[in-house]
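The values are calculated or read from the model by the stated rules, or taken from the named source; none is laboratory data. Remember, predicted model here, so these are calculated numbers, not experimental data. For neighbour counting, all protein chains shown are included, and Cβ atoms are generated from backbone atoms with ideal geometry for every residue, glycine included. These area figures cover heavy atoms from the full protein model, side chains too; ligands, DNA and RNA do not enter into them. Shrake-Rupley method; radii C 1.70, N 1.55, O 1.52, S 1.80 Å.
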Amino acid sequence: MANEFTKMRRLRVAPLVLIMVVGVVALTCVTFTAPGFLDSVDDPDARPWHWLLAGLALAVPLVSPILLAVLASRQVDMEHQGHGWLLNQVSGVTPGHLCRVKFLSMGALVAGATLAQSALVVALGRAVGISVDLPLGPWLGYTTAIIVVNLVLFALHLLVAARVPNQLVGLGLGVLGVFVTLAGTGMPLWSAHLLPPWGYYAVATPVDTDAGGVVALDPPYLSVLSLGIVGALVFLGVTRMFDRQET
């Protein structure tokens with residue numbers, strides 16, 4: 001795994017992760033410009049934290065699918081270009097094992113970036129003067145659920161990038177994922193379940209807005225957990241198949 005972190009430094013992965021964090025936080029902060037928001041930061045009935053959480057839930061699916069595709073592509077493209085699959089296999093590291101190591105190393109950064117996005121939004125909310133109590137349950141629940149969805153989506157892109165040398169395919173899938181995600185937000189909850197993993201950005205959303213303001217929801221976090229379990233089993237199964245294939 002240390003070797004993968006060395007590769008990531010050479011590939012300048014850190015700036016991409018930073019862009020993902022900054023992009024999500026910046027889009028979320030558009031909420032601060034909503035009419036009357038800054039005047040209601042100390043009004044519990046106005047639910048300023050829920051409005052900010054709604055902004056975060058919109059920003060994450062706009063930014064994450066494309067950048068996760070780029071991160072997966074950067075992780076794998078060097079193996080295609082430099083015959084890394086063959087060289088690693090000669091040294092006893094199978095393609096499937098290499099994919100699993102790449103997932104663990106990059107997945108740790110993806111999870112950390114997702115936590116950072118949520119924490120920074122909360123910090124900025126305090127900075128602009130939100131003084132009401134933070135609804136900790138919805139924030140922690142949403143952050144944890146998005147970590148799961150992001151990791152499952154990254155695993156999918158990693159598998160696609162590993163099997164398809166043309167990295168434009170994975171990037172195209174990332175762009176398509178944004179449109180699928182946006183479509184899922186306008187669908188009934190049951191139909192969002194039919195668009196894994198992108199639809200689960202909508203499934204995990206803990207708030208909604210209507211004419212009366214912002215409304216707290218009760219997301220089916222068990223569904224997100226099920227996605228994580230199924231995604232892990234599929235990833236392990238496919239990478240086991242990679243282990244048995246000739247490079």
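Annotation: ASP218 carries an accessible surface of approximately 140 Å², with a 1.4 Å probe and no ligand, DNA or RNA atoms counted. Using the Cβ-Cβ distance between LEU168 and ALA216 with R0 = 51 Å, the FRET efficiency computed as 1/(1 + (r/R0)^6) comes to roughly 0.80. Protein heavy-atom surface of the chain, 1.4 angstrom probe: 69% of the accessible area is carbon and sulfur, with nucleic acids and ligands not counted.
Assuming 0.36 nm per residue, please report the length gained on full extension of the stretch MET78 to ALA26 beyond their Cα-Cα distance. Length difference between fully extended and current span is 15.6 nm. Counting only Cα atoms, the size of the range 161-247 along its three principal axes is 59, 28, 16 Å, in decreasing order. Long hydrophobic helices in the chain, taken as whole DSSP H segments with a C-alpha length of 18 Å or more on their own axis and mean Kyte-Doolittle hydropathy at least 0.0: 13-28, 48-81, 95-127, 136-163, 167-185, 221-243. Rounded, prolate or oblate: pick one for the range 1-112, where a ≥ b ≥ c are the square roots of the eigenvalues of its C-alpha gyration tensor, a/c under 1.5 means rounded, and failing that, prolate if a/b is larger than b/c, else oblate. Prolate, since a/c reaches 1.5 and a/b exceeds b/c. Over the chain, what portion of Cα pair distances is larger than 22 Å, expressed as a whole percent? Percent of Cα pairs beyond 22 Å in the chain: 55. Amide H to amide H, with H built 1.01 Å from N, LEU134 comes under 5 Å of no residue 5 or more places away or on another chain. Net charge of the neighbourhood of LEU53, taken over other residues with C-beta under 13 Å away and scored Lys/Arg +1, Asp/Glu -1, is 0.
The value of relative contact order for the range 162-247, using C-alpha pairs under 8 Å at least six residues apart, is 16 percent. Our summary gives the chain a relative contact order of 28 percent, counting only alpha carbon pairs under 8 angstrom and 6 or more residues apart. Reported to the nearest whole Å, the Cα centre-to-centre distance from the range 39-77 to the range 124-203 is 9.
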